[in-house]
Structures are given as C-alpha cells and as structure tokens.
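Written below as structure tokens is the structure these notes are about.
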Amino acid sequence: MAVVFQKPKSLTDDILTYCPGCTHGIIHRLVAEAIDDLGVQDKTIGVAPVGCAVFAYNFFAVDMMQAAHGRAPAVATGIKRVHPDNVVFTYQGDGDLASIGMAEIMHAAGRGEKITTIFVNNAIYGMTGGQMAPTTLIGQVTTTSPYGRKEELCGKPIRMSELLAQMDGSTYVARVSVHDPKHVLDAKKAIRKAFETQLSGAGFSMVELLSTCPTNWGMTPSESLKWVASDMIPYYPLGVYKDSAKGAA
Amino acid sequence: MAKLLMKGNEAIAEAAIRAGCRYFFGYPITPQNHIPEYMSKRMPQVGGTFLQAESEVSAINMVYGASGAGARVMTSSSGPGISLKQEGISYLVGAQLPCVIVNIMRGGPGLGSIQPSQGDYYQATRGGGHGDYRIPVFAPSSVGEAVTLTQKAFDIADKYRSPVIVLGDGMIGQMMEPVDLPDSTEINSVDKPWAAVGWDGARPRAIINSLYIDPSVLEQHNIMLQEKFAQIESAEIDYGAELVDDADLVIVAYGTVARIARSAIRMARAEGIKAGMIRPVTLWPFPSDPIAKAAETTKAFLTVEMSAGQMIDDVRLAVAGRKPVLFYGRTGGMVPAVRDVLHQIRIAAGAVDPRNPIEEAI
Ligand SMILES: Cc1ncc(C[n+]2csc(CCOP(=O)(O)OP(=O)(O)O)c2C)c(N)n1
Ligand code: SF4
C-alpha cells in the first residue's frame with residue numbers, strides 16, 4: 001500500500017492547539033514540508049511569535065525560540081548573526097508583525113537580514129479574542145471595531161507584502177493563500193522558494209499567507225475559506241511582489 | 001598587562017571584548033555613546049559583530065536571539081533606553097539567558113538630563129520589568145573597577161544563566177583613568193548545551209522560552225528561579241568597607257558618590273569626626289550583613305546618592321530601625337560636592353547646626 005499521507009519529519013507528534021478549521025495548521029505543515037524537502041531540519045532554528053502560534057516551539061521539530069510580541073525578526077537577527085550558516089525563520093501573525101512589530105520587520109528587511117518570515121495574515125487578533133488588527137478589512141466587525149472598521153478612524157488595512165517588497169534588502173516576497181488545494185500547492189512552492197532564497201545567501205524573504213480565524217470571524221470553517229476568496233484576496237492580491245533572482249515584479 | 005589611560009565607557013567595551021564578547025547590539029544615547037562607537041570599531045577587528053539596532057527594544061531582542069544561540073553578548077544604554085529594554089530583560093530572565101547590560105545612568109524622569117545620576121537604582125535592583133525577578137547589579141566606582149566588573153559580569157551571567165547589569169553613572173562612563181586590561185579569555189570556553197544551534201536529534205530539542213501557560217508549572221519555574229536568586233544572594237555579594245570598625249557614622253554610597261564620600265570622610269577624620277564607609281559593589285545582591293553588623297557599633301548611618309533616595313530603602317532594611325539612617329542626595333544630573341557631603345557628616349555628627357548654610361560651616 002502506498003503511503004499517501006505522512007507527517008513531515010519537521011513536525012513533532014504534539015497535537016496542534018489551533019481551533020477546528022483554522023488554517024494555521026496547514027501552514028505549519030507546509031513550513032515543515034519545506035524544511036524536510038530541503039533537508040535542513042538539523043540546521044533550522046525557528047522563532048515563535050506571541051499570538052495563536054506562540055506554541056509553535058512545541059510543533060516544529062527543530063531548535064526553537066519564543067520571542068516577545070512583535071520582536072521575532074530582532075530575535076532572528078541575533079540568531080542569524082551568531083549562526084550565519086543556519087536556516088532561521090520567524091512565524092508571525094498580523095498583529096505581531098504589522099502592528100507592534102512593524103519596526104522590527106521593516107528594519108530586518110531593510111538590513112537584508114538573511115532570514116525567512118512566515119507571515120500569517122488572518123485580518124484579526126486571534127489569541128486575544130478577536131480584536132481589530134492593522135490588517136482588518138474596512139467594515140469588518142471585531143471586538144474592538146464593533147461597528148465595523150472605519151477608515152476615518154483607523155485608516156485602511158496595511159498591505160505588508162507591498163510594503164516590504166519596496167525594501168532594497170528584501171529578495172523574495174510573495175502573498176499566497178491556503179483556502180483551497182490549488183492555492184495550498186502555490187503556497188508550498190512559495191515557502192520553499194523563500195527558504196531557498198535564504199540558503200542561497202541572498203537577503204530577506206517573506207511569504208504572507210492569507211489565513212482563517214473561524215472562531216473570531218464568527219463563521220464556520222467552510223464559510224471562512226470562502227470569505228478569504230471573496231473578501232480578503234480582492235484587497236490583498238496574491239502574487240510574487242519581489243523576486244530579486246528575477247528582478248522586481 | 002599594560003596600564004592604559006582610558007575613558008570608562010571605552011574601558012567597559014574593551015573589557016567585554018577581552019571577556020570573549022563577540023556580539024554587541026545597541027542604539028545611541030548619551031552618555032554611553034562611546035560604548036557602541038568603540039564596539040563598531042573593535043568588533044570587526046576581532047571577528048565579532050556590532051549592529052546598530054533600530055531601537056533599544058530591538059537591540060535587547062537581538063541580544064535575546066544571540067544569547068539563545070549560545071553567544072557571549074552585550075548591550076548598553078542609558079535611562080530612557082534601559083526603560084525600553086525592560087520587557088526584553090524580563091523575557092531574558094524567564095528564558096534564563098545570560099547577557100550583560102550596561103546602564104550608564106543619566107538624570108530622569110522622562111528625557112531628564114544627560115548628566116550623571118543614580119536614579120535607576122530601583123529599576124535595576126527590583127528587576128525593572130514585569131514579573132518576580134532580580135538580576136545581579138554591579139556598580140563600579142572607578143574605571144579600573146568597571147573593567148573587572150564587566151568581565152566578572154559575563155562569568156556570573158553564564159554561571160547563573162541570567163542577565164547581569166553593570167550600573168555606572170555618566171561620570172564613570174566619561175572619566176579617564178589608568179587601567180589594567182587583562183589578556184583575552186578563550187572564546188566560547190563556556191559549554192551551553194541548552195543553546196539553539198540546530199537540532200541533530202542526539203539531544204533534547206532546544207526550546208528557548210518563558211511561557212508556562214499552566215500556572216502550576218509556572219509556579220515551579222518561579223520557585224526554581226527564586227532558588228537561583230537565593231544562591232546568588234548567598235554567594236555573590238561584594239562590597240568595600242573603609243574605616244568602619246571605630247566609626248560613629250557610617251556612610252553608605254556606591255559608584256561615583258563613593259569616591260566623593262571617601263574624600264569627605266578623610267576630611268572629617270582630620271577634624272576628629274569618626275566617619276567610615278560601606279560601599280556596595282553589588283547593589284543586588286545587597287550587602288545587608290555588613291551594614292547590619294555595623295549597626296551594632298556605629299551611632300548612625302548616612303546614605304548619599306545621586307537620587308532622591310532609593311538605596312536608602314535597602315540600608316534601612318539592613319539597619320532594621322536600630323540606628324538612625326540619614327540621607328543626602330542630589331538629583332537631575334547634579335553631582336554632590338565633597339564639601340556638601342562633609343557638611344552632612346558634620347550635621348550627622350552633631351558638629352554643626354543643620355540650619356547653618358554650608359559656607360559658614362566650612
Ligand atoms: C507587549 C504585549 N502586548 C500585548 C500582548 C497581548 N497579545 C497576545 S497575542 C496578541 C495578538 C496576536 O494576534 P496576531 O499577531 O494577529 O496572531 P493570531 O493570534 O491572530 O495568530 C496580543 C495583542 C502581549 N502578549 N504582549
Ligand atoms: S483563535 Fe483564530 S487564529 Fe487562533 S487558533 Fe483559533 S481560529 Fe486559529
């Protein structure tokens with residue numbers, strides 16, 4: 001009998017703590033598969049954020065550090081400067097990366113820090129119970145935007161891939177989604193590409209993944225997947241925003 | 001070992017390099033800029049890394065990453081920058097990561113002044129960030145001592161897997177004195193099996209972390225940390241005692257102020273006032289025992305600080321009400337003059353009326 005489903009080596013046996021239908025789990029799997037495919041499990045060091053993925057240090061079967069809220073790129077910088085031949089990645093939510101950690105991510109990219117950032121954009125603060133994030137869409141109801149996010153009060157959601165692609169130090173920046181199997185395959189390729197970019201010794205790489213939060217969006221898992229396609233992708237267009245190997249997109 | 005004439009800040013930086021520190025992350029702030037400037041010049045010469053971070057917040061988190069990756073690493077700052085580092089320091093303690101943090105204190109609160117101060121005593125000795133913790137605090141009172149204490153700070157940090165603070169004031173940082181610089185120690189001489197370096201499968205996975213979501217597990221973690229703090233308290237206290245045995249008045253002062261007090265004590269002795277000094281070198285753990293012992297023989301204590309009175313709390317705790325504890329302090333970046341301290345000694349000794357202006361007293 002052929003093996004059709006096998007847990008990646010770079011994932012531990014721990015049971016994921018994510019809610020049912022949350023796509024953090026798929027993203028973990030894709031990251032672990034990329035590490036396995038590239039044969040770098042023994043030299044990868046990951047940095048977990050503050051957010052629902054805080055327990056990522058239990059899930060990735062590599063050496064891990066847990067960082068303060070938003071500071072994962074600075075922690076990864078410290079690691080990479082000590083171990084330049086290792087593969088160093090951060091795994092961050094949108095509150096972590098685009099709000100409190102804006103300075104750290106911009107400057108890590110600006111320095112061309114040779115790290116890979118896995119950026120999980122679910123347009124909300126998951127862990128703290130569904131507050132507004134800088135990525136929350138206009139009109140989206142959250143526990144701190146109960147009347148829907150208003151542009152005149154909060155401005156428009158921040159598009160991080162577009163922003164980071166502007167930095168000269170970024171070498172690979174892509175936005176992907178995991179709401180259906182076709183997009184999951186694209187996401188897998190992008191993550192692999194980002195790690196390859198790091199291994200080649202080029203600069204900063206990031207993959208932004210549009211992700212679901214059924215619990216705090218107040219939707220079923222399948223409604224959530226549909227909402228990614230219908231509401232998120234139009235504002236957050238998918239694509240490769242920077243690929244220095246090819247020249248800017 | 002050759003004697004060199006060096007500024008305190010630069011001597012601290014060179015001492016760190018010779019202690020095997022090869023990573024420095026910092027952000028400019030007066031009066032400690034000579035440290036990052038010196039590091040930016042020296043680190044490339046010794047194969048190390050100097051990185052100017054985008055903020056003190058980032059700098060301390062880079063320290064966290066480098067320390068977790070097994071390196072000897074340092075950062076330095078002053079008042080406002082040290083405040084920004086506090087979240088990171090709390091994480092470093094929780095995750096048990098060694099590093100050295102230099103605070104060249106300036107006047108506060110707020111942006112304050114850029115002149116010398118000791119106003120960060122509470123912040124340094126009470127942990128400073130959130131949670132129950134203490135970290136060793138070394139307070140040099142000369143450039144030479146800044147060198148030995150900086151080097152010792154790295155060893156203590158590694159020994160206890162804890163951040164260590166070198167707490168200087170602007171005066172220590174800026175002044176020039178001849179120093180003996182020891183030869184370099186062998187780098188990476190300390191075994192760090194817990195560090196994240198890439199997992200080969202042969203050892204348990206390295207997880208550098210301060211999150212223990214189960215309160216009963218966190219309590220166990222905290223009990224372990226408290227035991228470590230108790231160990232540090234029993235083994236690492238350092239202080240100087242000068243002319244204490246026969247003293248009627250014991251001055252307690254640290255850092256620059258201790259030098260000023262030393263001169264004042266000499267003058268007081270010449271006038272027949274039996275003054276002495278206990279000079280804490282470690283501010284935490286605090287030398288409570290020698291102060292308690294002195295309380296049995298002396299008539300009073302005088303705490304002198306460049307603050308509105310912070311260390312005096314620790315002195316009072318040690319004296320435990322057995323003798324009066326007087327205070328003299330200047331704030332905002334003002335440095336007490338020798339004659340001011342002498343005047344306070346005379347008042348304490350009952351030699352002058354406290355209402356007399358200093359001019360008349362001297
Ligand atoms: C300094 C600090 N501020 C606030 C928090 C509380 N906090 C924990 S997780 C979080 C938001 C996480 O949201 P996001 O990064 O979008 O990740 P998600 O949980 O959605 O995956 C916040 C604000 C914290 N832990 N530390
Ligand atoms: S709260 Fe949202 S982001 Fe967090 S695990 Fe649940 S569904 Fe996922």
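This table checks each residue for (1) hydroxyl-bearing (Ser, Thr, Tyr); (2) not in a strand (DSSP E or B).
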{"residue": "A:Thr171", "(1), (2)": "yes, no"}
{"residue": "A:Ala190", "(1), (2)": "no, yes"}
{"residue": "A:Gln198", "(1), (2)": "no, yes"}
{"residue": "A:Leu209", "(1), (2)": "no, no"}
{"residue": "A:Met219", "(1), (2)": "no, yes"}
{"residue": "A:Ser222", "(1), (2)": "yes, yes"}
{"residue": "A:Val228", "(1), (2)": "no, yes"}
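Run down B:Lys192, B:Lys228 and say which single residue is buried (at least 16 other Cβ atoms within 10 Å of the Cβ) and not assigned by TED's automatic domain parsing to the domain that holds B:Arg18.
On the way: B:Lys228 fails: not assigned by TED's automatic domain parsing to the domain that holds B:Arg18.
From the options B:Lys192, B:Lys228, the qualifying one is B:Lys192.
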Inset, instruction - State the number of residues belonging to region B:310-343 that are on the phi > 0 side of the Ramachandran plot and surrounded by 20 or more Cβ atoms within 10 Å (Cβ to Cβ). - result: 1
Legend entry - Any chance A:Val54 is in a loop (DSSP other than H, G, I, E, B), within 16 Å of ligand 1 (Cβ to nearest atom) and facing chain B (nearest Cβ under 10 Å): no
Inset, instruction - Considering only residues that are near ligand 1 (Cβ under 8 Å from one of its atoms) and assigned to a loop (DSSP other than H, G, I, E, B), look in region A:118-134 and name the one that is nearest to the chain's Cα centre (by Cα). - result: A:Asn122
Inset, instruction - Tell me which residues, restricted to region A:76-119, are buried (at least 24 other Cβ atoms within 10 Å of the Cβ) and among the hydroxyl-bearing types (Ser, Thr, Tyr). - result: A:Thr77, A:Thr90, A:Tyr91, A:Thr116, A:Thr117
Inset, instruction - Please tell me if B:Tyr121 is aromatic (Phe, Trp, Tyr) and more than 14 Å from chain A (Cβ to nearest Cβ). - result: yes
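I need a count of the residues in region B:295-309 that are buried (at least 22 other Cβ atoms within 10 Å of the Cβ) and either of a type in the set (A, V, I, L, M, F, W, C) or closer than 24 Å to B:Asp169 by Cα (or both).
Start the filter on region B:295-309 by keeping residues that are buried (at least 22 other Cβ atoms within 10 Å of the Cβ), which leaves B:298, B:301-307.
Add one more test, that the residue is either of a type in the set (A, V, I, L, M, F, W, C) or closer than 24 Å to B:Asp169 by Cα (or both), and what stays is B:301-307.
So the count comes out to 7.
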Inset, instruction - Evaluate region A:85-94: report whether one residue or more is of a type in the set (Ser, Thr, Tyr), in contact (Cβ under 8 Å) with a residue 40 or more places away in the chain and within 17 Å of A:Ser205 (Cβ to Cβ). - result: yes
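For region B:176-252, give me every one of the strands (runs of 3 or more DSSP E) that falls completely inside it and has 2 or more residues that are touching a Leu at 6+ places or on another chain (Cβ under 8 Å) and not basic (Lys, Arg).
Values: elements: B:176-180, B:239-242, B:249-252.
Qualifying strands (runs of 3 or more DSSP E): B:176-180, B:249-252.
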Inset, instruction - Quick one: in region A:160-182, of everything that is surrounded by fewer than 19 Cβ atoms within 10 Å (Cβ to Cβ) and more than 14 Å from every other protein chain (Cβ to nearest Cβ), which residue is nearest to ligand 2 (Cβ to nearest atom)? - result: A:Asp180
Legend entry - Of all residues in region A:19-49 being facing chain B (nearest Cβ under 10 Å) and in contact with a helix residue (DSSP H, G or I) (Cβ under 6 Å, 6 or more places away or on another chain), the one that is nearest to A:Lys226 (Cα to Cα): A:Ala48
Legend entry - From B:Val197, B:Val137, B:Val164, B:Val179, residue being closer than 17 Å to B:Gly68 by Cβ and assigned by TED's automatic domain parsing to the domain that holds B:Phe24: B:Val164
Legend entry - Residues of region B:94-111 classified as touching a Gly at 6+ places or on another chain (Cβ under 8 Å), surrounded by fewer than 24 Cβ atoms within 10 Å (Cβ to Cβ) and within 14 Å of chain A (Cβ to nearest Cβ), total: 2
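The values are calculated or read from the model by the stated rules, or taken from the named source; none is laboratory data. For clarity, every value in this text was computed on a predicted model and none was experimentally measured. Counting neighbours? That spans all protein chains shown, and the Cβs are built from the backbone with ideal geometry, glycine included.
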